[in-house]
Amino acid sequence: MRRLRQWTRTAAAIAALAMPLAAQEMAEAPISYAPEVPAPIQRDQPATLRLNLETSEVQGLLMEGISEPTEYIFWTFNGRVPGPFVRVRQGDTLELHLSNPKNSSMSHNIDLHAVTGPGGGAAITLAQPGETKIARMKMLKAGLYVYHCAAPPVTDHIANGMYGLILVEPPQGLPKVDREYYVLQSEFYTKEELGFEGLTTYDREKASEEKPTYVVFNGRYGGLTEDRALKAKVGEKTRIFFGNAGPNLVSSFHVIGEIFDKVYAEGAIESQPLANVQTTLVPAGGAAVVEFALEVPGSYTLVDHSIFRIEKGAVGALQVEGEEAPEIYSAVK
Amino acid sequence: MAGFLFCCPALEASVELSSTTTSALYPADLGPVEIDVSGYPPEHQNTYREVFLKVFGFLRTTSRVINSPMVEFDPRLEEAERRLRPETLSDPRILVATRDGWKKKVEEIRRRPPCCGACPVLSLQEAKALWKFLVYDSLARKTGPHAETWSRHRMRLIELFRGRYPERFNELYAVPNKIKEEEK
C-alpha cells in the first residue's frame, strides 16, 4: 500500500512536470511581410522559437498593366515573395517546421545564411511533397542574413522567388530608430518581354545568361511605388534592412536625395558602421542595413544605381511628410 | 466613330513653330502645342488637363504627340477607315496605323522612373486614362470626317520641315518606312 502511494506520488510528480511541457506552446518566431519588420526584441534571454514555413507555387502579380496585369507562377515561402522577415536574437534556437504540401510538384528545403551547419539547414530540411521537416538551429552570430530554398536546382528555386531575410539581433539589440523597413531586391527572367500582359513564364536560358527581364524590389514591378511607397516624417530616423536575393546581380543600393548616415555593410551589424555613404554594394545572397535621418520633406527614390535597372523595376519611393527646411534645401530662382 | 464627329480643332491655322521648340527633330514638332478639347467627353477633357499636359509638357514639347501620325485602331475600325479613305492610310507620313502604339508609348513613359522627385510620375490610373485619351483624341482628329483636314495639316508640317531642316528631312524620308519607327 505504501509502495502504491509512493508510486502514485511519483507518477503525479512526473505528470505535473510533463504537463506544462506538453501544454506549453513554443513561442512563434516574430515574422512580417515586406515592407514591414517585426518589432525589436525585448527579451534579455535566449529562447527557442518555432518558425512555420510552408512552400507553395502561387500565380501572382509581377507587374500591373494598362489593360491586363503581368502574372507569374512564383515559388514561395508562405505564399509570398519575398518570404517573411524573421526576427530573432543571438543565442535563440529556431525550431523550423518546413511543410511542403502534397500537391507540390517538387521538393524544397531552406538554406539560412544565419545558420552554422551543412547547407545552412538545407541538408536536414529537404521536404518531399507531402512532408514536413523539422530542424533546430542555434543562432550563433548576429547579423542580417538572406535565406533561400536550396533544393536542386538551387538556381531555379531562387530565380522563381524562394527567399527572404532573417535578422539575428545582438543581445543588446539595435540602436533605436523611428521606422524600420524590409526591402529585398531580386530578378525575374521571363520568355516574354517586360510588360507582357498575361501569364509570363520563366526563361532558364536568360537566367543562365544573367539577362533579367525584371529587376524588382519586394517581388514585383512597382513593389514600392504608388500606395506601396514607404512612408516617414521629417525628423525621423529610418532603417532599411536591404537584402539582395539575386539570383545573379549585385545591387548598388542608393536613395536619391539622401546620404546613409550609417551602413552596416554585408549585414554585419556588430561591425563598426560606415558613415555618410551614398551608395552601398549588396552582393547576391547578401544584405546591408542602412540608416538615415530625414531632414527635408518630399519624395525620395530608392534605386539600384546600376541605373538601367530602374526601367526593369528596381525603383521605389519613400514619401516624407513634414515642414520644409529651406536652410537645407530650397530653390533660389 | 460617331463620337468623334463633334471635335474639329483648327489645326490648319496653327502651323507655326511651337513656342517651346528651339529645334525640331520631326515635322510634328512644328505644329501646335495645344488642342481644343472642349468637345471631348468630360473624362478626356480632365485627362488632357491633368495628365497629358503635365506629362508631355514636362518631358518635351507636347507638339510631337499632338501632331504625330500615329493612330491606334481596333481591326474593325481600321478596316472601315481603309474602305472609306484608302489614300490616307496608305501614306505613313499622314497616318501610321497601329494596334497598340499609344499603349506602348504610355507604358514606356510609365516605366520611366522618377529621378529627381519633381518630374511627373504616372500612376496606373493616370496611365490608363492617358492611353484612352490618346486613342480617342487621335481617332477624333485624324480619321473619319476629319481625315482630310488632318492629311492637309500633316503635309503642311512636312513641307515646312523640308524647308527649314532639309538635311534632317532627307534623313527621315530617304527611307520611306523610317517614319514608322521614329515619329511616334
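Just a few scattered comments:
- Selection from the range B:93-136 of residues that are facing another protein chain (nearest Cβ under 10 Å), part of a helix (DSSP H, G or I) and at pLDDT below 90: B:E108, B:R110, B:R111
- A single member of A:E210, A:E187, A:E192, A:E236 is open to solvent by less than 20 Å² (accessible area, probe 1.4 Å) and of a type in the set (D, E), and it is A:E187.
- Criterion: out of contact with any strand residue (DSSP E or B) (no Cβ under 6 Å at 6 or more places or on another chain) and open to solvent by less than 30 Å² (accessible area, probe 1.4 Å) - qualifying residue of A:G65, A:G60: A:G65
- Here A:Y329 clears all of (1) touching a strand residue (DSSP E or B) at 6+ places or on another chain (Cβ under 8 Å); (2) within 13 Å of another protein chain (Cβ to nearest Cβ); (3) surrounded by fewer than 21 Cβ atoms within 10 Å (Cβ to Cβ) except the condition numbered (1).
- Residues of the range A:195-207 that turn out to be away from chain B (no Cβ under 14 Å) and open to solvent by 60 Å² or more (accessible area, probe 1.4 Å), as a count: 3
- Where a residue in the range A:276-302 is within 14 Å of chain B (Cβ to nearest Cβ) and its partner, wherever it lies, is hydroxyl-bearing (S, T, Y), with Cβ under 7 Å and at least six apart: A:L294/A:T238; A:V296/A:Y329
- Checking the stated criteria, B:R64 turns out not to satisfy the condition of being free of Cβ contacts under 8 Å to residues at least 12 places away in the same chain and either in contact with a strand residue (DSSP E or B) (Cβ under 9 Å, 6 or more places away or on another chain) or surrounded by 14 or more Cβ atoms within 10 Å (Cβ to Cβ) (or both).
- A:V320 vs. criteria assigned to a strand (DSSP E or B) and more than 14 Å from chain B (Cβ to nearest Cβ): no
- Restricting the range A:203-241 to residues that are under 19 Å from the mean Cα position of the chain (by Cα) and among the hydrophobic types (A, V, I, L, M, F, W, C), the residue that is nearest to A:R309 (Cα to Cα): A:V215
The values are calculated or read from the model by the stated rules, or taken from the named source; none is laboratory data. Everything numeric here is computed off the predicted structure, so don't read it as measured data. With ideal geometry, Cβ positions are generated from the backbone for all residues, glycine too; neighbour counts draw on all protein chains shown. Accessible surface areas use protein heavy atoms only, side chains included; no ligands, DNA or RNA. Shrake-Rupley method; radii C 1.70, N 1.55, O 1.52, S 1.80 Å.
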